[in-house]
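Here the structure comes first, spelled out in structure tokens, and everything after it is commentary.
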Amino acid sequence: MFKKYQLKNGLNVLLVESHKSPVLSIQMWVKTGSADEKKGEEGISHFIEHLVFKGTRKFKVGEIASSVEAAGGELNAYTSFDQTVFYVTISKEFENVGLDVISEMMGFPRFDEGEINNEREVVIEEIKRSNDNPHRQASRLLFETMYKKHPYGIPVIGYEQNINTVSRKTLVNYFSSRYNPKTMTLIVAGDFRAPEMRKKVDDYFGGFRKNKLRVVKRASDKPVKKPAIIVKTAPFAETIVHIAFPAPKASHKDIAALEVLALIMGQGESSRLNQRLRMHSHLVNYAGSSVFVARDPGFMAISLSLNSKDFTQAMTDLLEEIQVALTAPPSAQELQKALTNMASEQYYFLETVDGLARKYGHYQDLFGDPSYFVRFMRQVHGLTPADIVASARKYLDPKRATMVIMTPAEEKDIQPAAQEWMKNFQNLLKVKGQKSKDKGKRGKKISWIFKKPAGVQEGIQKWTLDNGVTLITRPSFETPVVSIRCASLGGSRLETPSNQGVTELLSRVWTAGAGEYSELQMNQRMDEMAASLSAFGGRNSEGLSMGCLKPFANEMIDLFFKTLTEPLFEKAAITRELKAMQEHVNLRRDNPAQLCILNFMKEMFGDHPYGRDPYGNEEAIAKLTQAMVRDIYGQRTGLTIVASGALDPHDFKNQVEDGLGRAKVVSGKNTLFPIKFPKSEKRIFLESAKQQSHIVCGFPGLTLKDPTRYTLQVMQAILAGQGGRLFIELRDKASLAYSVSPMRMEGLEGGYFGAYIGCSPEKSKTALKMMFEEFDKLINHQVPAEELARAQRYLVGKHDIELQKNSNITSAILFDYIYGIDFMETYHFADRIRAVTSEQIMVLAREIFSRPSVISLVGPSAPW
């Protein structure tokens, strides 16, 4: 439950108590976004989002982030069309810090002229990063095509010219006229008591001035009366297609049916578009549908990602699926799946205070009613199959369809097929709809109420079962969420040059059918339960993970063990995923940051398995077979299962023994492969015609069990975060990049430590120089006590925040144990971090940074 009230100055406040974890989320939702900007101001809201971090009446540059991170918290912000949101997640012990920084940023930013000029460069780097991203550019094309006059057609991030020229006066005037208590909602969710929090909120936010609010009248577009096709040839390997249809604004009564239609058509593994276009036809990398729900009229979109050579056939298949949506009402089973997924969402939100705050903030901001979700779900429960097909026929109107295509192909090669498709689409509505066999039927409500079983003792328990399996359980009944994860030693370390990529293939097909369940049956049932089941294959291990809500736990656990012990590995699924892996490799040139890291790993680790591309290459992928998948699946050694959440440990232990039957776990010593690190500095350059250069600079690092690994984590934290040295020196002061961060990996035989930056090519020489300067400072100067304490609290706080979720708990316990570390180590994390000294950091810095460096750069040019 929540408490909602208003301060005397008009600021809305929502207090949401949750005593599950000693953590708070403090969020300020400002009802001002890019759609509230005038001509010439485009991008100013997003620019202000950056600038309020750059100093206030109380905090100097960098001190806001440092204060939060020194209290073990995290902070960030984002801007959208309709709102800007600022948020801090922090321990209840430091709630005053969170309230203080949010109040200062929202009430008293300085807008220092020098800092404005510095931040211009950072935002321009962010714009360039966006320009290099095919999905962002395709989305931008869609919005600017759908909205000719309405400001939703203008990118939230704005235009480089505006950012370069906007004056301080314009920024200050915009802030004072739109960042008004009347447009603000403060949300505090987490472990607090409302009476005490009300007083603090009044102290921190009651002094906000009520400036005159600038009323914005947004331009509107004329109703769309004819279809449009836009084909844009772009320097990307991927072809992205969006087909959009105008839809009403968020508060309209038809939104519930449209959301259900979108979910049935294109959300989840068993959705119609995913099954038809990806699973069966293997024609797309992705197929989905969604509804852009906003304060003003939005749209429903069908989206595809594919290879341009498959465009015509994929669009033919898509048209057939649209015809089904227009003529055949969904089954009662499909409707129930949609209802369950929508209803379950609120229970997954309960796991974290951030989730709670986002949920209430969204509904308050959009509808002025934090409990609107209840009303919306009432609408969803009232829908029948006939309502869904009626909604499809009303909104999937070919006369109002907009198709945008971003492709590497020539326009003349795509346009005729697109026009023919649109012509065929217009004939679909002539086909009469079928009468629903389930007319009048509605989805059933599910009871989410559960009680903690009598006699269950909370705490972590470990068993070794008769068949050699290690089982670790952690019951917790604060939310109805169950998380289970299992793993064995293995992974890509066991691959050879002849089967490179097989672990990735295993992770893709492991859940594609098991026992008596086909892949489709598994996907349908999981989607119906709003549950997840996935496989993973890393460098050192492979396994399965599942998550569900308590009412579906027994059935999901049964499915989990069938997948673990009786996977089908059918050839059809292997063929499909091999094609997907080939396409992933082909699309790598659209992701220069990924190429940069791959080249770095190859040079750092050489012939060691860590140096190989987890996907392999086109030649290696072409040689992978079903027999190779079965072989790598059988090479696993040991099996550990970890469960956390709303379950009875003894009941689950019985389920494990029943699920695994008499299967014996193969035990054996893990094979270690020695690493030959470079003996001299290495520099690798790959030319890429993008607007940014991507740089990774690193040194040989530590193993997973190295006793100094906690020292390395603290050293990373000194460089990391918005209050860390790399961010402050390279971004805040030098304005070199939007994205800069330290990087670290530990493996069974070794790892690396270094840093990444994405910047304009002309800045790459300075970026590298300044990276090495920061490394040298760690070698030559002891970290001051205050900075060390900030880094330690930052790590401990981040760790505590992450452990709100059951899935993060299972992951931490599982991987520590299988790699030979105490399974309770995650609960000793704070002690290990606090024990690190400045002297230890200097010793380790001298050791690591004296090793030969590897520098990988992907971009238009290299400074060397």
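The values are calculated or read from the model by the stated rules, or taken from the named source; none is laboratory data. Since the structure is predicted, the reported quantities are computational estimates derived from the model, not experimental observations. Here the Cβ positions follow ideal geometry from the backbone for every residue, glycine too, while neighbour counts run over all protein chains shown. Accessible surface areas use protein heavy atoms only, side chains included; no ligands, DNA or RNA. Shrake-Rupley method; radii C 1.70, N 1.55, O 1.52, S 1.80 Å.
Which shape class, rounded, prolate or oblate, goes with region 759-864 when its Cα gyration tensor gives a ≥ b ≥ c as root eigenvalues, a/c under 1.5 marks rounded, and past that a/b bigger than b/c marks prolate?
prolate
Would you mind pulling out the separation of the Cα centroids of region 494-543 and region 689-751, in Å?
A separation of 31 Å, based on Cα centres.
Along region 124-138, what does the Karplus equation 6.51 cos²θ - 1.76 cosθ + 1.60 (θ = phi - 60°) give for ³J(HN,Hα), rounded to whole Hz, x for Gly and Pro?
Here the 3J(HN,Hα) series is 5, 5, 5, 5, 5, 4, 5, 5, 8, 9, x, 5, 5, 6, 5 Hz.
Taking all protein chains in place and a 1.4 Å probe, what share, in percent, of the accessible surface of the chain do carbon and sulfur account for? Could the numbers behind the result be given before it?
Details: 17360 of 34980 Å².
Result for the chain: 50 percent of the exposed heavy-atom area is carbon or sulfur.
Solvent-accessible area per residue for the chain at a 1.4 Å probe radius, Å²?
Values: 34980 Å² over 864 residues.
Roughly 40 Å² per residue, with all protein chains present.
If you place +1 on the Cβ of every Lys and Arg and -1 on the Cβ of every Asp and Glu, how big does the dipole about the Cα centre of region 682-761 come out, in debye to the nearest 20?
On the way: 9 positive and 6 negative charges, 18 e Å.
Once rounded to the nearest 20, the dipole reads 80 debye.
Put +1 on the Cβ of every Lys and Arg and -1 on every Asp and Glu Cβ in the chain; which of PRO385, LEU24, PHE2 then has its Cα farthest towards the positive end of the dipole?
Value: PRO385.
For the cross-link pairs LYS3/LYS452; LYS602/LYS798; LYS128/LYS309; LYS31/LYS210; LYS3/LYS58; LYS92/LYS182, which exceed 22 Å when the distance is taken from alpha carbon to alpha carbon? Intermediate results must be reported in sequence, preceding the final value.
Values: LYS3/LYS452 27 Å; LYS602/LYS798 31 Å; LYS128/LYS309 29 Å; LYS31/LYS210 15 Å; LYS3/LYS58 30 Å; LYS92/LYS182 28 Å.
Among LYS3/LYS452; LYS602/LYS798; LYS128/LYS309; LYS31/LYS210; LYS3/LYS58; LYS92/LYS182, the Cα-Cα distance tops 22 Å for LYS3/LYS452; LYS602/LYS798; LYS128/LYS309; LYS3/LYS58; LYS92/LYS182.
Order the following by accessible area, largest value first: ARG393, ARG589. Probe radius 1.4 Å; ligands, DNA and RNA are ignored. Working shown, then result.
Numbers: ARG393 75, ARG589 130 Å².
The most accessible residue leads, giving ARG589, ARG393.
Under the √(5λ) rule applied to the eigenvalues of the Cα gyration tensor, what semi-axes describe the equivalent ellipsoid of region 228-290? Give them in Å, descending.
Over the Cα atoms of region 228-290, the ellipsoid semi-axes are 25, 19, 8 Å.
For the chain, which semi-axes, largest first and in whole Å, follow from the square roots of 5 times the eigenvalues of its Cα gyration tensor? Could the numbers behind the result be given before it?
Working: eigenvalues 288, 271, 192 Å².
Value: 38, 37, 31 Å, ordered largest first.
Which cross-chain or sequence-distant (5 or more) residues have an amide H under 5 Å from the amide H of ALA530, H modelled 1.01 Å from N in plane?
Those lying under 5 Å, H to H, from ALA530: there are none.
At 0.692 mPa s and 37 °C, plugging the Kirkwood radius over alpha-carbon pairs of region 103-171 into Stokes-Einstein gives what diffusion coefficient in µm²/s?
The estimated diffusion coefficient comes to 236 µm²/s.
Just check region 1-105 against the gyration tensor rule for me: Cα atoms, a ≥ b ≥ c as the square roots of the eigenvalues, rounded for a/c under 1.5, and otherwise prolate or oblate depending on whether a/b exceeds b/c.
Oblate, since a/c reaches 1.5 and b/c is not below a/b.
Relative contact order, percent, of the chain when contacts are C-alpha pairs under 8 Å separated by at least 6 residues? Walk me through the numbers on the way to the answer.
Working: 1738 pairs, mean separation 121.4, N = 864.
About 14 percent, as a whole number.
Let me check against my output: what whole-number percent is the relative contact order of region 1-80, with C-alpha pairs under 8 Å and at least 6 apart? Don't skip to the end; give the middle numbers.
Values: 55 pairs, mean separation 14.6, N = 80.
Computed value for region 1-80: 18 percent relative contact order.
What list of ³J(HN,Hα) values in whole Hz, one per residue of region 252-267 in order, does the Karplus curve 6.51 cos²θ - 1.76 cosθ + 1.60 (θ = phi - 60°) give from phi, with Gly and Pro shown as x?
In residue order, the calculated couplings are 5, 5, 7, 4, 4, 5, 5, 4, 5, 4, 5, 5, 5, 6, x, 10 Hz.
Using the Cα centre as the reference, give the magnitude of the dipole from point charges on the C-beta atoms of the chain (Lys, Arg: +1; Asp, Glu: -1; all else neutral), rounded to the nearest 20 debye.
Values: 113 positive and 99 negative charges, 565 e Å.
So the magnitude is around 2720 debye.
Given the -39500 (n - 2.57) contribution per DSSP H run of 4+ residues, what per-residue ellipticity at 222 nm results for the chain, rounded to the nearest 500 deg cm²/dmol? Kindly include the intermediate steps, with their values, before the conclusion.
Details: 29 runs with 353 residues, N = 864.
Using -39500 (n - 2.57) per qualifying helix, the result is -12500 deg cm²/dmol.
So how much accessible area does ASP466 have, in Å² to the nearest 10, using a 1.4 Å probe?
150
Roughly how many whole Å is it from the C-alpha centroid of region 154-216 to that of region 585-622?
About 45 Å separates the Cα centre of region 154-216 from the one of region 585-622.
With a ≥ b ≥ c the root eigenvalues of the C-alpha gyration tensor of region 355-428, is it rounded (a/c under 1.5), prolate (a/b larger than b/c) or oblate?
Values: a/c = 4.38, a/b = 1.85, b/c = 2.37.
Since a/c reaches 1.5 but b/c is at least a/b, the shape of region 355-428 is classed as oblate.
Under the rule of at least 5 residues apart or a separate chain, name every residue whose amide H is placed under 5 Å from the amide H of LEU702.
Excluding prolines and chain starts, which carry no amide H, the hits are GLY751, TYR752.
At what distance in angstrom do the alpha carbon centres of region 287-356 and region 92-106 lie from each other?
Their Cα centres are 38 Å away from one another.
From zero up to wherever the largest Cα-Cα distance of region 522-628 sits, split into 5 Å bins and tell me the percent of pairs in each.
Over region 522-628, the share of Cα pairs per 5 Å bin runs 2, 9, 15, 17, 18, 14, 12, 8, 4, 1 percent.
Between GLN691 and residues 5 or more places away or on another chain, which pairs have amide H atoms under 5 Å apart, with H built 1.01 Å from N, and which residues are they?
Placed amide hydrogens put nothing under 5 Å from GLN691.
Limiting things to C-alpha atoms, what are the Rg and the maximum Cα-Cα separation (Dmax) for region 527-586, in angstroms?
14.2, 42
Residue by residue through region 238-245, what is 3J(HN,Hα) from phi via Karplus (6.51 cos²θ - 1.76 cosθ + 1.60, θ = phi - 60°)? Round to whole Hz and write x for glycine and proline.
Result, ordered by residue: 8, 9, 10, 10, 10, 10, 10, 10 Hz.
Using a 7 Å offset from the Cα along the Cα-to-Cβ direction at both GLN313 and LYS4, what is the distance between the two label points in nm, to one decimal?
5.2
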